[in-house]
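Here the structure comes first, spelled out in structure tokens, and everything after it is commentary.
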Amino acid sequence: MSKTQTKPGSTLDRLRGWFADRGWRPHGFQEESWALHAAGKSGLILVPTGSGKTYAAFLGPLAELADAGANPSGLSILYISPLRALSRDIEQALRAPIEALGLPLTVESRTGDTSSTIRSRQRRSLPNVLVTTPESLCLLLTQEGASKRFSDLQAVIVDEWHELLSSKRGTQVELALARLRRFAPGVRSWALSATIANAPEAAATLVGTDAEPAIVRAPIDRPVIVESLRPANIRRFPWAGHMGLSMLDEVLAYLDPSKPTLLFTNTRSQAEKWFHAIAIKRPQWEGRIALHHGSIDREERERVELGVKAGDIGIVVCTSSLDLGVDFAPVERVVQIGSPKGVARIMQRAGRARHRPGESCEITCVPTNALELLEIAAVREAIDAGAVEPRDPVNQPLDVLAQHMVTVALGGGFLADELFDEVRTAWSFRDLSRESFDWTLLLVTQGGTILNAYERFHKVELVDGVYRVPNKRVAQLHRLNVGTITGPSTIEMRFVQGRSLGHIEDSFVGRLREGQHFTFAGQVLRFVGVQADVALVRRGTKRTNLTPIWGGTRLPISESLSRAVRKSLEDSAHAVETGEADGLPIELEAFLPVVAAQSRRSVVPAADEVLFELFSSRDGYRLLAYPFEGRLVHSGIAALLSLRFGRITPATFTTTFNDYGFELLCPEPFPFVEHLTPELFSRENLVEDALESVNTAELARLQFREVARVSGLVFQGYPGSRNRAAGKHLQASSGLIYDVLCEFDPENLLLGQARREVLENQFEQGRLAAALDRIASSRFRIVEIEKPSPLALPLIIERIGSQTMSSEDVESRLARMQAEMQAEV
């Protein structure tokens with residue numbers, strides 16, 4: 001798009017001059033964004049990482065604000081970030097052009113880390129530009145004068161929209177934006193992202209139902225280059241596992257502290273182990289290598305971030321805590337330990353390298369087991385094909401609506417009809433029925449039809465025709481528990497008479513013995529005990545492999561990556577059959593001995609086939625299947641088949657699953673072949689069968705804990721309070737409410753929501769249905785095998801590893817099976 005037409009001497013012209021002074025020139029997409037904002041438009045800016053999205057969204061509203069003439073006295077521009085850790089960097093970036101042009105505008109942050117002094121000042125008067133998080137924005141909306149404080153708002157910018165879009169935090173932002181549009185009807189909103197496949201839906205979700213969103217793209221060529229480190233000998237490479245330390249020597253040979261590097265892992269436990277292993281092998285790197293993940297104390301994380309920017313720290317072992325937003329221009333290399341699990345995920349991480357406009361970004365992947373070589377080749381192919389995963393918004397989560405109703409009642413109150421119309425302008429609630437709205441309103445006013453005898457559920461009251469929260473304790477508890485982020489109960493860990501190290505799940509602390517050594521925050525520690533609900537430690541003197549394991553960190557491969565994996569396996573099989581490997585990715589070349597072994601012991605399925613293997617041993621009779629659809633989908637299919645097989649011929653099955661397939665193990669002979677038909681994979685009665693196939697009552701009971709917390713039926717406690725019983729109390733309280741509702745109100749809408757979330761969280765229900773259709777229409781390859789094939793071995797290893805037997809027995813069995821396979825490969 002051509003340069004935006006502005007008057008000579010306008011703020012936008014001065015900002016172009018500021019660009020020129022820094023050796024920059026506005027990109028076409030930036031000029032387009034400024035023009036669209038000036039024309040009153042809202043929408044999505046979708047351009048590669050490091051291309052200048054922030055200034056594309058910010059400088060248009062800034063120029064408009066400055067050109068208005070009079071010094072503004074209130075909030076005009078709101079910048080929402082999913083991570084409070086990014087607020088400092090964002091604030092500095094927004095302040096830079098303001099200070100360079102000498103504009104009389106103020107910029108501040110408002111997050112959970114903001115000091116009480118600044119928060120107190122902001123209660124009196126908000127800055128002209130405010131950087132905040134979804135949770136802090138909702139807190140501002142609970143203030144009595146919210147409508148007046150936001151009435152002059154001109155623009156809202158939502159950063160990293162892909163990170164929020166498909167979660168309840170995204171729904172929370174949608175409802176907050178709907179509220180802001182009522183307070184300031186002319187406000188425009190812009191979302192920023194580099195990795196969203198379903199851009200029209202993402203843009204519509206941001207702007208709501210009353211506007212037609214604009215989508216700004218850029219023809220900026222910032223290719224993502226995927227490289228890999230490979231084992232020197234595939235025959236001695238692990239067949240299962242995700243830690244990857246067998247590749248430590250290769251990674252150490254690649255790393256160089258003089259070339260700033262982010263080394264990503266998929267879990268915090270993995271990050272701890274890799275940092276510890278590198279520190280032991282390279283003691284000369286002390287001070288030049290650091291650890292960064294979300295459980296480490298904030299001050300330490302900030303020290304690491306500043307060290308990277310200053311060039312003092314050359315290597316950071318990290319998790320998704322450094323995925324987003326932080327501008328690390330000095331970083332030249334990115335390493336990914338283990339499968340990235342998704343296309344968008346690896347593109348996001350690769351974008352941390354050479355975080356500068358127009359530069360290519362490179363990521364080096366390190367497989368943790370043999371089959372991950374397939375995934376690395378597949379993710380490269382998927383990136384080249386543009387097969388990025390879509391991010392779908394959450395549909396009508398009533399727990400979020402219930403929380404929002406209390407927020408709005410606190411922030412000046414509401415009329416039911418007006419709020420209903422307002423909420424329906426939020427994309428995720430566009431089809432909300434009045435019946436569901438009134439049901440939710442009854443929940444927050446009376447606790448619904450069952451809990452109405454308990455006054456603590458009467459949060460919102462009708463006062464002079466307006467719904468408000470007159471009870472000060474209810475108001476206080478709501479403000480202390482605003483948000484949709486839920487997680488396990490944690491406890492602070494600190495040195496005896498010393499600084500804080502961070503927070504760790506109290507279930508791990510509960511298993512520690514006094515004097516026991518473990519690693520956390522990159523250090524060997526010795527457990528002293530728990531005092532005043534704080535875990536106290538001293539520096540340790542012994543080597544140890546004990547590392548905390550955090551819950552909820554095992555990710556399935558995405559649908560886009562699954563398709564690419566099936567294609568890569570087919571290409572590998574063709575190369576083995578023809579003896580022609582020209583043009584094959586280097587990872588697949590390294591993987592060919594595994595494919596050859598699979599061909600000898602079984603068959604290699606084509607992309608339009610599904611392989612089923614039959615195998616018996618002293619453990620029983622098993623069916624192994626390889627749809628390559630991800631562990632959650634395989635979990636669902638395995639449970640469905642167990643149910644449907646059992647209806648035909650009563651039997652008991654043990655299931656095991658991973659990202660590539662699943663295993664059904666029966667202690668007695670079972671006629672698998674006879675009943676293995678496309679009809680077995682029908683999506684007919686899918687929901688009913690899925691609910692019957694697992695202990696959904698217990699799973700829904702656990703999921704209801706989150707629903708109850710978000711909706712305000714139970715409270716998590718006081719932030720910062722050192723109450724280790726809070727998590728157990730929350731679980732007990734939500735469990736009690738769940739039991740009462742199941743008995744006396746089985747059609748309760750929150751119960752139904754919890755069940756739907758179980759199906760999605762446990763099985764990826766939407767993806768499960770599509771996978772069943774694909775399998776039913778595929779060609780079945782049914783093979784009886786005498787020994788485990790390379791595809792079967794990881795499943796068998798996973799099942800044996802989870803059995804209740806001595807670790808020596810497990811290790812000896814696994815070692816024997818792997819040795820046999822390595823000899824054949």
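Protection proxy ranking of 535-542, 268-275, 620-627, by the mean of other Cβ atoms within 10 Å over each peptide's residues and highest first, is 268-275, 620-627, 535-542. What percentage of the solvent-accessible surface of the chain, computed with a 1.4 Å probe over protein heavy atoms, is contributed by carbon and sulfur atoms? Looking at the chain in its full context, I get 49 percent from C and S.
Taking each residue as 0.36 nm, the span from D384 to D113 lengthens on full extension beyond its C-alpha to C-alpha distance by 93.5 nm.
Percent antiparallel among DSSP beta bridges with both residues in the chain, to the nearest 5? Working shown, then result.
Details: 36 of 92 bridges.
Around 40 percent antiparallel, to the nearest 5.
Distance between the 7 Å Cα→Cβ label points at W18 and L480: 4.2 nm.
Treating each Cα of region 375-461 as an identical point scatterer and summing with the Debye formula, the log10 of I(q)/I(0) at q = 0.12, 0.16, 0.20, 0.25 Å⁻¹ comes to -0.49, -0.66, -0.92, -1.25.
Compute and list, largest first, the equivalent-ellipsoid semi-axes of region 441-495 from the alpha carbon gyration tensor, each √(5λ) rounded to a whole angstrom. Each step should come with its number before you reach the end.
Working: eigenvalues 178, 40, 20 Å².
Rounded to whole Å, the semi-axes are 30, 14, 10.
Expressed as a whole number of Å, what is the distance separating the alpha-carbon centroids of region 205-249 and region 589-614? For region 589-614 versus region 205-249, the Cα centre distance is 25 Å.
From most to least packed by mean Cβ count within 10 Å, the peptides 284-294, 176-186 give 176-186, 284-294. Rolling a 1.4 Å probe over the protein chains gives F715 an accessible area of about 60 Å². Simple point charges give the picture: +1 on the Cβ of Lys and Arg, -1 on the Cβ of Asp and Glu, and for region 11-217 a dipole about the Cα centre of about 480 debye.
The label point for A253 and the one for R25, both projected 7 Å from the Cα toward the Cβ, are 4.4 nm apart. Rolled with a 1.4 Å probe across the full set of protein chains, the surface gives D152 an accessible area near 90 Å². In terms of overall dimensions, the C-alpha atoms belonging to region 490-539 reach 20, 19, 17 Å along their principal axes, ordered largest to smallest. Accessible surface ranking for R566, R391, R22, 1.4 angstrom probe, highest first: R22, R391, R566.
Assuming R0 = 25 Å, what is the FRET efficiency of R538 and A310, from their Cβ-Cβ distance, to the nearest 0.05? Intermediate results must be reported in sequence, preceding the final value.
Numbers: r = 31 Å, r/R0 = 1.22.
Computed FRET efficiency for R538 and A310 comes out at 0.25.
Given a 1.4 angstrom probe, what's the average accessible area per residue across the chain, in square angstrom? Could the numbers behind the result be given before it?
Numbers: 33540 Å² over 825 residues.
Each residue of the chain exposes 41 Å² on average to a 1.4 Å probe.
So what is the 222 nm mean residue ellipticity for the chain from helices alone, if each DSSP H run of at least 4 adds -39500 (n - 2.57) and you divide by all residues, rounding to the nearest 500 deg cm²/dmol?
Numbers: 31 runs with 363 residues, N = 825.
After summing the helix terms and dividing by residue count, I get -13500 deg cm²/dmol.
Spin-label pair Q143-E332: with each label point 7 Å from Cα along the Cα-Cβ axis, the two points sit 4.7 nm from one another.
According to the Cα-based calculation, Rg over Rh for region 489-615 is 1.29, with Rh computed by the Kirkwood formula. Considering every alpha-carbon pair of region 149-197, the percent of pairs per 5 Å bin, from zero through the bin containing the longest distance, is 5, 21, 28, 22, 15, 8, 1, 0. Rg then Dmax, both in Å and based on the Cα atoms of the chain: 27.8, 85.
Once the convex hull of all Cα atoms in region 11-217 is built, its volume per residue stands at 114 Å³. For region 540-675, the Cα-based Rg and Dmax, in that order, read 18.5, 61 Å.
A Förster distance of 30 Å, applied to the separation of the beta-carbon atoms of T652 and E227, puts the FRET efficiency at 0.05. The accessible-area ordering, largest first, of the residues C361, C742 stands as C742, C361, per a 1.4 angstrom probe.
How many times 2.2 N^0.38 Å is the alpha carbon radius of gyration of region 321-476? Let's see the in-between values first.
Working: Rg = 24.2 Å, N = 156, 2.2 N^0.38 = 15.0 Å.
Cα Rg divided by the expected 2.2 N^0.38 Å: 1.62.
Each of the peptides 99-112, 782-795 was scored by the mean count of other Cβ atoms within 10 Å over its residues; in descending order, highest first, they stand as 782-795, 99-112. A dipole drawn for region 59-123 from +1 and -1 charges on Cβ atoms has a positive end, and of S109, L59, I90 the residue lying farthest that way is S109.
The values are calculated or read from the model by the stated rules, or taken from the named source; none is laboratory data. From a predicted model like this one, the values you see are computed outputs, not experimental measurements. In this analysis, Cβ positions are derived from the backbone assuming ideal geometry, glycine residues included, and neighbour counts consider all displayed protein chains. Areas reflect the complete protein model, heavy atoms only, side chains present, ligands, DNA and RNA absent. Shrake-Rupley method; radii C 1.70, N 1.55, O 1.52, S 1.80 Å.
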